[in-house]
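> Below is the structure I would like to discuss, written out as structure tokens.
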Amino acid sequence: MATEYDVIVLGSGPGGYVAAIRCAQLGLKTGIVERENLGGICLNWGCIPTKAMLRSAEIFHYMQHAGDYGLVAQGIEADLAAIVKRSRGVAKQLNQGIAHLMKKNKITVHMGTGTLTGANSLTVKGEKGEEALTAKHIIVATGARARDLPFAPADGKRVWTYRHAMTPTELPAKLLVIGSGAIGIEFASFYNDLGSEVTVVEMLDRIVPVEDADVSTFLEKSLRKQGINIMTGAGVEAIKVSDKGITATIKDKAGNAATSDFTHVIVAIGIVPNTENIGLEGLAEMERGFIQIDPYGRTKTKGLWAIGDCTPGPWLAHKASHEGVTCAEAIAQELGNTEVHPHPLNRNAIPGCTYCHPQIASVGLTEAKAKEAGYELKVGSFPFIGNGKAIALGEVEGFVKTVFDAKTGELLGAHMVGAEVTELIQGYTVGKVLETTEAELMQTVFPHPTLSEMMHESVLDAYGRALHF
């Protein structure tokens, strides 16, 4: 006999486990299927452990510059094995936390590989054999994996994905990073801070290409100053792997190809959705492997839903979690709960964060995208060097930029580069959700001394009223 549920969630990443919790909170009998680790890639091999590693690199950086703060630190060394051990410990702690949340919310966990056998049924193959599950609704939250180079698949020795880069057995002497999105730039920053010679190759004309052009330009100058070699408008055409390292053929923006030797390469050229071989054939509309959904997570088949990285982007953990809540509430509503009122995801109010050094963060439209959309703009900017807290912290590198609709005062976008901007961006995100105009932001009292004061000054600058620069 099949085990019956109101909802089964296939995948326990930040979308899946949040969806399961919200379903349980709404009184639905909920099960979750996971083939590897509760918490998915983000918690175990992505967002969280990488931030633990980057924190170690950040502290190492500060220790090397102790003299700037009136301190003396000698004999500073980085213990790579200890850094990795701490990172894995953080991931393990949070994995156990997810297990506790499943138990607390009375969610049944089925460990094994799940395969859909219909819109309302699936089988799970695990250590205990095969079991059949049925549900009124199934949420597919299977996530995605790193995309391989077709001519140089990852081997974990010389050719790495992000997963290999988090558990290195040795520090790369000379590292090639292919791709300058968030993953590529974060690892470039991490390994550069630890002493590796790093080269970043980006096929487009600027790094972090989804960000505002001013942020890209500023970050590239900063990373070059730190010693990272950056090649934009370039591509890796071939890689030859040996026991001692790799030889890469790189074509530069002028079209000239040359070979260079590296000890390791990190491939960060995007993701592939985990949607093959899970029984989706005929049940969902697909595009480039991604499941097509409506704003609430519905697929074309009644009772089958999808969220997170197996659906269209942006491919961010917090987007997946938000989708999980929306999807759970939409399911509860379909099952007769009249007290929930699900709201579709506003994709233009999803913040993005990259934890390199310096950090970058953004929400909404870039200046270029806003112009393309036909807006008449008012744009403001304020530098870190003009902020007292930044000077006191010794973090004077960076700026805050805001983009407004000149006709209505609507905040269209905000873009930051500098220390702790990943913590600041949520202020603008809340502003966008509340449909804040420049008037409310100008009238808001920002505490002093804080980095957040730059957010206020940037708004003021857009209207010719900046006070401190």
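The values are calculated or read from the model by the stated rules, or taken from the named source; none is laboratory data. Bear in mind the structure is a predicted one, so any value in this text is a computation, not a measurement. Every residue, glycine among them, receives a Cβ derived from its backbone with ideal geometry; neighbour counts consider all protein chains shown. Heads up: the accessible areas ignore ligands, DNA and RNA and are worked out on the full protein's heavy atoms, side chains in. Shrake-Rupley method; radii C 1.70, N 1.55, O 1.52, S 1.80 Å.
> For region 151-174: of the residues being among the aromatic types (Phe, Trp, Tyr) and modelled with pLDDT under 95, which is surrounded by the most Cβ atoms within 10 Å (Cβ to Cβ)?
The residue in question is TYR162.
> Hey, among GLY427, GLY464, which residue is more than 29 Å from the chain's Cα centre (by Cα), more than 16 Å from THR408 (Cβ to Cβ) and open to solvent by 30 Å² or more (accessible area, probe 1.4 Å)?
The conditions single out GLY464.
> Here is a list of conditions, (1) within 30 Å of GLY303 (Cβ to Cβ); (2) in a strand (DSSP E or B); (3) open to solvent by less than 20 Å² (accessible area, probe 1.4 Å), and ILE278 meets all of them except one; can you say which number that is?
(2)
> Could you grab me the full set of residues in region 411-443 that are in a loop (DSSP other than H, G, I, E, B) and either in contact with a helix residue (DSSP H, G or I) (Cβ under 7 Å, 6 or more places away or on another chain) or of a type in the set (Gly, Ala, Ser) (or both)?
ALA419
> When region 430-446 is examined, which residues are found to be of a type outside the set (A, V, I, L, M), under 23 Å from CYS353 (Cα atoms) and open to solvent by 60 Å² or more (accessible area, probe 1.4 Å)?
GLU435
> Please determine, by comparing only the residues of region 117-148 that are crowded, with 17+ Cβ neighbours inside 10 Å and within 16 Å of PRO273 (Cα to Cα), which one is modelled with the lowest pLDDT.
Per the criteria, the residue is ALA146.
> Also, I was wondering about something else. Taking only pairs six or more apart or across chains, which ones have beta-carbon atoms under 7 Å, a first residue in region 411-439 that is closer than 20 Å to GLY398 by Cβ, and a second residue that is part of a loop (DSSP other than H, G, I, E, B) and among the basic types (Lys, Arg)?
none
> With a cut-off of at least 3 residues that are among the charged types (D, E, K, R), name the helices (runs of 4 or more DSSP H) lying wholly within region 8-64.
47-64
> Select from region 303-332 the residues that are farther than 30 Å from PHE404 by Cα, open to solvent by 10 Å² or more (accessible area, probe 1.4 Å) and in contact with an Asp or Glu (Cβ under 9 Å, 6 or more places away or on another chain) and list them in ascending order.
none
> Which members of region 127-149 meet the condition of being in contact (Cβ under 8 Å) with a residue 24 or more places away in the chain, part of a strand (DSSP E or B) and among the small types (Gly, Ala, Ser)?
Across region 127-149, the qualifying residues are ALA132, ALA135, ALA144, ALA146.
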